[in-house]
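Data block below; observations after.
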Amino acid sequence: MIDTDALCSQVPGMTAPVELRWLHDHAASSPAAVVEVGCSAGRSTIALALGARTTGKTVYAVDPFNGGGATPDPPGNYINQGASFKPFWANLCRFGVQDTVTPIGDYSELAAKKYPGDRIGLLFIDADHTYRYVRMDVDIWGRFLVPGGILALHDSGYPGVRQVINELGSGYADKEELPIFHARKV
């Protein structure tokens, strides 16, 4: 069960209550691990973890924990500052889901190299919304999705996210917009 009112009032974020419920319910029915790329303060991570723990699944939380926003470093010069990890972790602990979440504190392309390779049943991407990074996240993490696994992209109205959605080919079916864009891997 998820109390979206408590979650929204106690953890900053842009994920709406209806989206949190959707994430919770899909994490609860995920046939494999859950991966979130872009965690911010942990609002959506908590919703995913509350759902995933009902079936003993792990949520991998991928973020450089540098305070959010677009990638601040010059290409090829990665600095993992970790400044926002403490509040993120404190929020997970407040909701008692820290045992369900495995953080991978780095930029997506570097985090993928640290990922243990578990198959993914639900992939939620809500990181940098520019085309380059959304495309990269879908390509890097989508290869771990099980057949029938769900790719979910937040903020589908952003031009970069929309372009990636428009480019999703026959490898994804059952595309739906609401409450979060999602498609099932074929």
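Read-outs: derived from the displayed coordinates by stated rules, not from any lab. Note that this is a predicted model, so its numbers are computed, not measured. Positions of Cβ are backbone-derived with ideal geometry, glycine not excepted, and every protein chain shown enters the neighbour counts.
All distinct Cα pairs of the chain go into the 1/r average, and the inverse of that average, the Kirkwood radius, is 16.2 Å. Straight Cα distances below 16 angstrom link LYS185 to the lysines LYS175, with same-chain residues fewer than 8 positions distant left out. Charging the Cβ of each Asp and Glu at -1 and of each Lys and Arg at +1, and nothing else, the dipole of the chain about its Cα centre rounds to 340 debye. The fraction of Cα-Cα pairs per 10 angstrom bin, counted from 0 for the stretch 86-186, comes to 14, 43, 34, 8, 0 percent, rounded to whole percents. If you average the C-alpha positions of the stretch 1-73 and of the stretch 137-186 separately, how far apart do those two centres end up, in angstrom? One Cα centre to the other: 17 Å. Over the C-alpha atoms of the stretch 82-139, the Rg to Rh ratio, Rh being the Kirkwood estimate, stands at 0.98.
Exposure proxy for MET14, MET136, MET1: other Cβ atoms within 10 Å of each Cβ, ordered fewest to most, give MET1, MET14, MET136. Of the residues ASP128, ASP99, the one with the fewest other Cβ atoms within 10 Å heads the list, and the complete ranking is ASP99, ASP128. In a GNM of the chain with a 10 Å cut-off on Cα contacts, which of TYR133, TYR172, TYR158 has the highest mean-square fluctuation? Judging by the Gaussian network model, the answer is TYR158.
As a rough footprinting exposure proxy, the listed residues CYS39, CYS93 were ranked by other beta carbons within 10 Å of their own, and the order from fewest upward is CYS93, CYS39. The mean of 1/r over all pairs of different alpha-carbon atoms in the stretch 143-186, once inverted, gives a Kirkwood hydrodynamic radius of 10.5 Å.
Computed across the stretch 17-64, the Kirkwood hydrodynamic radius from all distinct Cα-Cα pairs reaches 10.3 Å.
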